[in-house]
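Asker: This structure is in structure tokens; I'll ask about it shortly.
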2 protein chains.
Amino acid sequence: MKILEEALKGSIRSLGKLISFIENESPGFLDILKSIYPLTGKAKIIGITGPPGVGKSTLVSRLAKIYLEKNDTVGILAVDPSSPISGGSLLGDRIRMSHLFPSSNIFVRSLSSRGTLGGISQATMNVARVLDAAGYNIIIIETVGVGQAEVEIIHVADTAVVVLAAGFGDEIQALKAGLMEVADIFVVNKADLPDTSKYVNTIEKILLKSSSKKSWTPPIVKTIALTGQGCDELVKKIDEHYEFCKENESLINEKRKRQLREIKRLVEQKIKEEIEVFFEREYSLEEIINNDQQRNKGPYVIAEEVLNAFWKSQQRSKPLKS
Amino acid sequence: MKILEEALKGSIRSLGKLISFIENESPGFLDILKSIYPLTGKAKIIGITGPPGVGKSTLVSRLAKIYLEKNDTVGILAVDPSSPISGGSLLGDRIRMSHLFPSSNIFVRSLSSRGTLGGISQATMNVARVLDAAGYNIIIIETVGVGQAEVEIIHVADTAVVVLAAGFGDEIQALKAGLMEVADIFVVNKADLPDTSKYVNTIEKILLKSSSKKSWTPPIVKTIALTGQGCDELVKKIDEHYEFCKENESLINEKRKRQLREIKRLVEQKIKEEIEVFFEREYSLEEIINNDQQRNKGPYVIAEEVLNAFWKSQQRSKPLKS
């Protein structure tokens with residue numbers, strides 16, 4: 001595949017096309033991911049999440065700048081799982097930001113691929129692998145929002161940074177969505193706000209209650225992303241966490257569990273694809289649903305019948321080799 | 001099954017147990033749903049959604065009261081897709097509310113079954129069917145939040161009511177999440193707020209832009225749920241919409257499409273179940289993930305191998321009848 005070759009050689013244009021191909025799950029995308037997999041595993045993946053308005057984007061640009069100055073190559077994925085609209089304006093902001101660094105050392109991309117067969121976190125993982133294979137050694141995944149989807153996306157990262165700010169996005173909301181559990185590092189941004197110390201204390205108390213059994217105690221870093229204050233410290237903590245993970249047994253186990261979940265997701269996705277093909281080629285659900293007598297059987301009976309027909313079709317197309 | 005019989009006969013206690021059984025997708029739950037399906041289809045399902053703080057719960061209790069006074073039986077499902085914690089406090093509130101109506105004509109339940117195989121909207125559909133079969137002829141589904149998950153849940157309802165209030169939850173957020181498209185009826189609650197008329201105008205403008213091709217124009221009902229003002233009018237509009245749907249060709253088609261999606265969801269869920277069984281009985285993913293050489297193949301190759309093994313196992317257990 002030509003765009004694959006070119007993307008791996010450094011063509012930004014081809015990389016963009018390749019990512020669209022993967023993001024849209026175009027036919028053959030899993031084969032591409034399979035073929036580039038041996039090239040991956042070199043990047044450090046950093047997840048940034050938190051409620052709206054805490055300054056995540058500004059923080060992400062700061063981090064990117066610090067890494068770029070250290071001669072790292074940086075890929076940024078901004079993921080908005082709740083948005084059905086592809087992140088037009090977001091992407092615009094990011095591109096403007098990337099103009100600060102006109103080199104090919106930075107690549108910025110917005111993802112909003114809900115409705116994909118494997119789910120948004122798998123799509124994010126897939127695209128991150130493309131960036132990894134293309135040689136970006138720092139990948140920053142920024143997710144917008146505080147829901148369950150964001151928590152799942154953040155599991156793709158090696159290090160999850162939860163960004164909060166005094167007075168923004170109540171802690172209860174973050175707690176509810178499981179953000180507190182997922183955090184490897186807390187950032188209290190906008191640290192010039194008057195209630196910052198009180199807010200840091202609140203988080204410390206919550207951490208004391210919850211993290212006793214964890215081997216890694218999430219540090220809390222105060223930043224003012226607007227001026228860059230505290231951002232070097234944040235990068236230091238991210239690096240520390242990354243090193244810690246490499247050696248810690250329980251974290252390695254956690255990573256394996258995530259790999260396991262990924263394999264399950266991929267298996268399910270493959271089967272969903274085969275079902276779609278089955279519906280298109282052999283089995284007209286529309287016919288059933290438009291036939292009163294058929295429809296009156298109800299969804300549970302129909303689903304059973306469909307499944308039986310599907311198994312039979314699979315057996316015909318994939319005969320057992322004895 | 002004893003609890004099924006008792007629940008259908010009117011035992012609230014058994015109904016609660018039966019719903020837990022269905023909600024937790026305990027083994028055999030699909031068979032129960034299959035068996036009660038012929039008893040369903042009599043209930044009117046009303047979905048209530050909107051941003052936090054607009055007064056959805058108060059409105060739901062008002063509606064319940066109006067229906068109860070008309071000798072309807074009312075089941076209420078409060079669904080919070082973002083919450084990993086089963087809705088303890090929420091449920092408490094609901095139970096307190098239900099004490100206002102000590103009769104067996106009302107049943108209140110909180111659902112937060114994320115992580116189910118079929119997804120939260122299928123779980124909601126399943127539980128609504130149980131209530132339907134148990135004889136509740138009005139089912140109110142209240143969803144908390146404004147994300148994509150809520151929009152999907154609301155598709156379970158015959159009539160979707162989107163509750164807004166001047167100054168609460170910006171319209172843009174609601175628009176983004178597709179709430180505006182899903183609404184059959186708009187409620188502007190807290191109609192005593194000063195900006196209400198302006199707010200109603202804004203919604204009207206958005207509707208004018210978007211609903212030209214719809215056969216049903218969503219009415220906007222102003223309510224003050226706290227005092228009950230406007231709630232009778234809302235019930236009238238709900239009934240009108242319900243009647244309209246029965247006859248309108250395009251809405252019937254839409255309903256069929258939803259049924260089609262449900263069947264697909266159920267098929268996928270069944271297959272996921274079979275994969276889980278396969279992993280438990282025949283195929284140890286843990287072994288692979290703990291073996292360095294195996295793991296290094298990467299998730300895409302492993303998923304392919306797993307799938308091949310799964311097909312073979314299915315063929316052995318479900319031989320083709322010739």
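The values are calculated or read from the model by the stated rules, or taken from the named source; none is laboratory data. No experiment lies behind these values; they were computed from the predicted model shown. Positions of Cβ are generated from backbone atoms using ideal geometry, with glycine treated the same way; all protein chains shown enter the neighbour counts.
Asker: Scan the range A:271-312 for residues that are over 19 Å from B:ASP31 (Cα atoms) and of a type outside the set (Val, Ile, Thr) and report the count.
Answerer: Of the residues in that region, 21 qualify.
Asker: Consider the range B:223-257. How many of its residues are more than 10 Å from every other protein chain (Cβ to nearest Cβ), farther than 18 Å from B:GLU69 by Cα and not hydrophobic (A, V, I, L, M, F, W, C)?
Answerer: Qualifying residue count, the range B:223-257: 11.
Asker: From the residues in the range B:263-299 that are more than 28 Å from A:VAL306 (Cβ to Cβ) and in contact with an Asp or Glu (Cβ under 9 Å, 6 or more places away or on another chain), which one is modelled with the highest pLDDT?
Answerer: Step by step, filter the range B:263-299, then rank; the result is B:PRO299.
Asker: Here's a follow-up. I'm told B:VAL221 meets every condition in (1) in contact with a helix residue (DSSP H, G or I) (Cβ under 8 Å, 6 or more places away or on another chain); (2) not assigned by TED's automatic domain parsing to the domain that holds B:VAL188 except one. Can you identify the failing condition by its number?
Answerer: (2)
Asker: Tell me, which helices (runs of 4 or more DSSP H) lie completely within the range A:153-258 with 2 or more residues that are at pLDDT below 80?
Answerer: Those helices (runs of 4 or more DSSP H) span A:171-176, A:179-182, A:196-210.
Asker: Just to be sure, is B:LYS17 touching a Ser or Thr at 6+ places or on another chain (Cβ under 8 Å), of a type outside the set (Phe, Trp, Tyr), touching a residue at least 12 places away in the same chain (Cβ under 8 Å) and more than 10 Å from chain A (Cβ to nearest Cβ)?
Answerer: It is false that B:LYS17 is touching a Ser or Thr at 6+ places or on another chain (Cβ under 8 Å), of a type outside the set (Phe, Trp, Tyr), touching a residue at least 12 places away in the same chain (Cβ under 8 Å) and more than 10 Å from chain A (Cβ to nearest Cβ).
Asker: Pairs, please: C-beta under 6 Å, at least 6 apart or cross-chain, first residue crowded, with 19+ Cβ neighbours inside 10 Å and in the range B:21-45, second among the polar types (S, T, N, Q) and not in a loop (DSSP other than H, G, I, E, B)?
Answerer: Listed pairs, sorted by first residue: B:ILE22/B:ASN126; B:LEU33/B:ASN126.
Asker: Considering the range B:263-322 alone, what residues qualify as being within 8 Å of chain A (Cβ to nearest Cβ), among the charged types (D, E, K, R) and surrounded by fewer than 13 Cβ atoms within 10 Å (Cβ to Cβ)?
Answerer: Listed by number, the residues that qualify are B:GLU286, B:ARG316.
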